[in-house]
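The values are calculated or read from the model by the stated rules, or taken from the named source; none is laboratory data. Note that the structure is predicted; figures quoted are calculated from it, not measured. When we count neighbours, we look across all protein chains shown, and the Cβ atoms used for this are built from the backbone with ideal geometry, even at glycine.
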Amino acid sequence: MRSFKTKLIEVALILFLTGRAFGAPDAWQLLPAAAVDGSGVFLGQLLNNPTSTVPLLLLAPAPRWGQTNIFTRQQVIELGRRQFPALDTTNWAGSAQISLTRRSRQLLDFQLTELLSAALQREYTRQRGELDVRLSRPWTPVETPDDELDLRLTELPTEGLLPNSMIGFELWAGKESVGSWRVEVQSKLWREVPVARSPLIRGQLLRDADIAMERRDVLTHHEAFINLSTADPTAELCENIPPGQAVLQHYLRLRPIIRRGQIVDAVYQDGTLRISLKVETLEEGAAGQIVRVRNPRTHHDLYGRIENEDTILITL
C-alpha cells in the first residue's frame, strides 16, 4: 500500500502541472494567434503570459512553411490530455481558437554570403584556400523560417568557380524547401604561396633563392606551387623568374649531374655478365633519370639510367 507521503507528492505534482500551484493564475488564456519554429507546437507557446507552471508538452508538428493551422480551444485541450491525462480542462479562457504559423525572419545579405561561402568551400574549393564571396548586386531580404537553414548549390559555371560567376541555389529548413534563387557573385580564393622577392636566375639552386610566402588570390591558378618544406635540396630553377611572381612547380627541375656531350661509362650487366664501354651523352639529366647516349664506335643510340656523375646503367 502506498504511503501517505507518496500520495502527497503525486497530488503536488498534479497541482503543479495543471497550473494551480505556486501562485499560478486560475485560468490559462489561449491566444488568438501564435508563431512557432520547426521543432513543433508546444503548449506554452499558445498561452498568454505562460508561467513556469505550464507543462512542457509537445502538442503537434509545426505548420509547414507558408501554411496556417487552426486549432479550437477544445482541440488544444485534447492534444494536451493525450500527453498528460491529468491536465485540468476547467481553467481555460481567452480565444475560442488559435491560428498557428511558422516563425520567420529576414535573410540579410551578409547571412546569405556566409551560407554561400560555406557551401562553395565545401563543394568546390575544399582545402585549396580560404574562399571570399561577395554579392555583385544588392540583395533584397527574403522571409525564411526562423530555423537553421541549409544552402544547396544547384548551378555552377561549367568551367568551375570564376572571379565573377552566376550561382544557383536552394534554401532548405530541415526537410522543407524554402525557395530557389540565382545570384551573381565575386569570388577570391586566398592562400599563402611562394613568391620571388628578387630576380631568380635559371640554374640557381632553390635553396639559395630569395623566396617568401605571401597571401595571394589563387582562384584562377590551376598549376601546383612549389612546396618549400619538401623541395629536394638539389632542385634548381629552369627559367628566370621576376620579382613578385609566384613560383610554380614546373619552374623547378633536379640539377643535372651529367651534361650533354659528356663521355661516361655505360655498364650493362646480366647476371655474371658485365659489359662496360665509353659512351657520349646526348641529353643532360639528374640521378635516376633515363637519358639517351651514343656508342662512338657504332654510332648506335642507347638508353640508360644515370647512377652517378660518371656511370650510366644501360637498359635494353
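When region 207-260 is examined, which residues are found to be aliphatic (A, V, I, L, M), closer than 25 Å to PRO163 by Cα and surrounded by fewer than 18 Cβ atoms within 10 Å (Cβ to Cβ)? I'd like the intermediate steps shown before the answer.
Restricting attention to region 207-260, the residues satisfying the condition of being aliphatic (A, V, I, L, M) are 209, 211-213, 218-219, 224, 226, 228, 231, 235, 237, 241, 246-248, 252, 254, 257-258.
Right, trim to closer than 25 Å to PRO163 by Cα and you get 213, 218-219, 224, 226, 246-248.
Across region 207-260, the qualifying residues are MET213, ALA224, LEU248.
Scanning for something closer than 21 Å to TRP65 by Cα and surrounded by 17 or more Cβ atoms within 10 Å (Cβ to Cβ), does region 158-171 turn up at least one residue? Please lay out each step first, then the result.
So in region 158-171, the residues closer than 21 Å to TRP65 by Cα come out as 169-171.
Filter once more, keeping what is surrounded by 17 or more Cβ atoms within 10 Å (Cβ to Cβ): 169, 171.
Yes, region 158-171 contains at least one residue that is closer than 21 Å to TRP65 by Cα and surrounded by 17 or more Cβ atoms within 10 Å (Cβ to Cβ).
For region 100-112, the set of residues classified as free of Cβ contacts under 8 Å to residues at least 60 places away in the same chain and not aromatic (Phe, Trp, Tyr) consists of ARG105, GLN106, LEU108, ASP109, GLN111, listed by residue number.
Here's the yes/no breakdown for (1) aromatic (Phe, Trp, Tyr); (2) at pLDDT 85 or above; (3) not assigned by TED's automatic domain parsing to the domain that holds ARG82:
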| site | (1), (2), (3) |
| --- | --- |
| THR18 | no, no, no |
| PHE22 | yes, no, no |
| GLN29 | no, yes, no |
| VAL36 | no, yes, no |
| SER39 | no, yes, no |
| ASN48 | no, yes, no |
| VAL54 | no, no, no |
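Picking from residues in region 211-240 that are of a type in the set (Val, Ile, Thr) and either outside any loop (DSSP other than H, G, I, E, B) or within 23 Å of the chain's Cα centre (by Cα) (or both), the one that is modelled with the lowest pLDDT is THR220.
The residues in region 60-98 that are under 15 Å from ALA35 (Cβ atoms) and either among the hydrophobic types (A, V, I, L, M, F, W, C) or not assigned by TED's automatic domain parsing to the domain that holds TRP28 (or both) can be counted, and the count is 6. Only a single criterion out of (1) of a type in the set (A, V, I, L, M); (2) in contact with a Phe, Trp or Tyr (Cβ under 9 Å, 6 or more places away or on another chain); (3) farther than 27 Å from LEU120 by Cα is not satisfied by ALA246, namely (3).
Of the residues making up region 65-83, those that are more than 12 Å from TRP28 (Cβ to Cβ) and surrounded by 14 or more Cβ atoms within 10 Å (Cβ to Cβ) are TRP65, ASN69, PHE71, GLN75, GLU78, LEU79, ARG81.
VAL193 satisfies every condition listed in (1) free of Cβ contacts under 8 Å to residues at least 24 places away in the same chain; (2) part of a strand (DSSP E or B) except (1). Looking across region 155-209, the residues that are more than 14 Å from SER136 (Cα to Cα) and charged (D, E, K, R) come down to GLU155, GLU159, GLU170, LYS175, GLU176, ARG191, GLU192, ARG197, ARG202, ARG207, ASP208. Each residue in region 109-133 was checked for being over 8 Å from the mean Cα position of the chain (by Cα), aliphatic (A, V, I, L, M) and more than 12 Å from LEU149 (Cβ to Cβ), and 2 of them qualify. Checking THR298 against (1) farther than 30 Å from GLY160 by Cβ; (2) among the polar types (S, T, N, Q); (3) touching a residue at least 24 places away in the same chain (Cβ under 8 Å); (4) assigned to a loop (DSSP other than H, G, I, E, B), which test does it fail? Of (1) farther than 30 Å from GLY160 by Cβ; (2) among the polar types (S, T, N, Q); (3) touching a residue at least 24 places away in the same chain (Cβ under 8 Å); (4) assigned to a loop (DSSP other than H, G, I, E, B), only one is false for THR298: (3).
Could you tell me how many of the residues in region 205-223 are among the β-branched types (Val, Ile, Thr) and within 14 Å of ARG191 (Cα to Cα)?
Taking region 205-223 and keeping what is among the β-branched types (Val, Ile, Thr), we get 211, 218, 220.
With the extra rule that they be within 14 Å of ARG191 (Cα to Cα), the set shrinks to 218, 220.
Matching residues across region 205-223 total 2.
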